1. Can you pull out the trypsin sites (Lys or Arg not before Pro) in segment 365-419 that DSSP calls coil and that have at most 16 other Cβ atoms within 10 Å?
2. Work from the charge dipole of segment 383-461 (Cβ charges, +1 for Lys and Arg, -1 for Asp and Glu, about the Cα centre) and give the residue of Ser387, Ala461, Tyr400 farthest towards its positive end.
3. Averaging sequence separations of C-alpha pairs under 8 Å and six or more residues apart, then dividing by the length of segment 257-412, give the relative contact order as a whole percent.
4. Sorted from largest down, give the three principal axis spans of the alpha carbons of segment 260-322, whole angstrom values.
5. Magnitude of the Cβ-charge dipole of segment 407-566, K/R +1 and D/E -1, about the Cα centre, nearest 20 debye?
6. Considering only DSSP states other than H, G, I, E and B, which trypsin sites (Lys or Arg not before Pro) in segment 1-69 qualify as loop sites with at most 13 other Cβ atoms within 10 Å?
7. Please list, or write none, the aspartates and glutamates whose alpha carbon is within less than 15 Å of the alpha carbon of Lys275, excluding same-chain residues fewer than 8 places away.
8. Tally up the carbon and sulfur contribution to the accessible surface of segment 191-331 as a whole percent, 1.4 Å probe, everything protein left in place.
Amino acid sequence: MIRTFAKHQIRRQVELSDCLWRFHSGDRRARTAWQPVQVPGCWEQLPGLENYRGVGTYERTFEVQGSAPATLRLTCYGVSHTATVLVDGQLAEQHYNAYTAFSVLLPQLAPGQHTLTIEADNRFSPDSALHVPNDYMTYGGIIRAVSLEQLPQVYLRHLKTTPLWNPKGSWQLRVELALANISTTAQHCVPEVQLPELATGYAWPEQRLAAGEERQVRTVLDLPTAQAWSPEMPQLYRVVAQLSQNGQVTDDLIERTGLREIRLDGSDLRLNGRKLRIKGFCRHEDHPSFGCALPFAAIQQDLVLLKDLGANSVRTSHYPNSELFLDLCDEQGILVWEENHARGLTEEQMRNPNFEPQAEACIREMIRVDYNHPCIYIWGILNECASDTSYGRSCYARQYELIGQLDRSRPRSSASCKFLTDRCLDLPEVVSFNIYPEWYNDQAAPAFLTELYTWVQEETAGRGKPFLITETGAGAIYGYRTPSQAKWSEEYQAQALRDQLAAVFNQPGCSGVYVWQFCDVRVSREWFSSRPRSMNNKGVVDEYRRPKLSYAVVQDCFRALDNYRE
Ligand code: ADA
């Protein structure tokens, strides 16, 4: 399953998960035994490969139908963490980063059977600046879907939609359509866009594209009868783009939009004009039965629990999440802080020459694919990286600037742990900090937060900006219960979260919180052997989603507060 709705009615798109692939550990030249595996999946789920860090080779065949050569587009939605893609043994594409999709055109493939080979490499090395030993697991495998599309000579390459609240007090939608002529001759076509549920649309004049030309067309649609998207009423509308040639519809591309506006108002974040209160959780894509390749049902089950907890937001700590997850958040009104891939990188790690190109590529790919999701209200970067150094600051500045070039409709932020030393608070629209009073330090939560908030307001250029606590929590081993409330007991975690959440929601000027974290997750063994069970145990549920005592504490707190602060 790629999305929760059909992206095409005309164009032929096939998800390559209709049968098992063959897999062996080692690169494609290795002669180890093949075994049948499902895709998506992580090889750590295979007996004997639970801790395998190396190269894995996946292979299957696919068919080009018809009697003439065809141009296909192969899309991999996630390969962890470095992909090498071959078709019929010829190199087609390479890609770094497990958490962003990539596509490659396969021109003029002959009718009949072809072989697709994908090597995944999850090793740590200087070539990998973002996937490093860390407090989460870098799994190995094809962790998200793979699809093939058969493309017409001129096709709809991209559809971008931006909701606008116009001064006359109704909604508009900016629609930007990218066309591409992949034939060797000039092509005439008529692009049009429809919003079926609103019985409105627009047809552009006929376009003539030279051979190989790409072109963008745009319009702004008035939507006087449209309902807004909000957590309470997540109203979605299909946006159906079509391309006609000689009166025949030859291609289509379907997206969804939700009409909502995020606006900064002094120290407030306003959603559709109302002061937002964030009641959120940080969530890793991690599960003991699936690794990071959670299927649809497991993703939705997490959202069932998050809604039961009274949460209205999820922070995709610390990388772009699957579009299945984002679709489900769009449909259920869960606001999303989505962030590029980085966690806790030192200045030395940020000076790896691969760091900036890989981090910026992640931003480009994340925003290009996820831009249309109304649930995403903010873009985050570089969780707890070296924002207390001048070199680190230069990297933060370039990445904030890049986001600003790609999307002016959403604010930017970064979850910092540089308590009283952060040097970047002038750069983002929203100031965010991760704090662990009563866990990593013994300071009482209210005093710790007041000291931090006062410093931001009095000593930094972050003053007066919206302020979020993007992590707070404590560890607990599921089932460890003791009246003494010793650290790592469920009782201790429950009390710490009770104190931390009270401090956050009593802090004037604070727009809300993300609890660290939703569920216990596996960490890479190379990182931090002192993590009990080689797990990060700060979930309010354990890895099997079994609730700890803290579940009810967070639920009581979140349910007592609504989504807005006024
Ligand atoms: C940091 C980090 C999280 C996690 C957390 C913890 O805030 O951002 O990824 O490692 O600490 O559990 O200590």
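1. When the trypsin sites (Lys or Arg not before Pro) of segment 365-419 are filtered for loop state and at most 16 Cβ neighbours within 10 Å, Arg408 remain.
2. Among Ser387, Ala461, Tyr400, the one farthest towards the positive end of the dipole of segment 383-461 is Tyr400.
3. Reported as a whole number, the value is 21 percent.
4. Answer, in whole Å and largest first: 44, 24, 18 Å.
5. 520 debye
6. Those satisfying the criteria are Arg29, Arg31.
7. Glu232, Glu261, Asp265, Asp562, Glu566
8. Working: 2360 of 5100 Å².
In segment 191-331, the share of accessible area belonging to carbon and sulfur is 46 percent.
The values are calculated or read from the model by the stated rules, or taken from the named source; none is laboratory data. On a predicted model such as this, the values are computed, not experimentally measured, just so you know. FYI the Cβ positions are ideal-geometry reconstructions off the backbone, even for glycines, and counts take in every protein chain you see. These area figures cover heavy atoms from the full protein model, side chains too; ligands, DNA and RNA do not enter into them. Shrake-Rupley method; radii C 1.70, N 1.55, O 1.52, S 1.80 Å.
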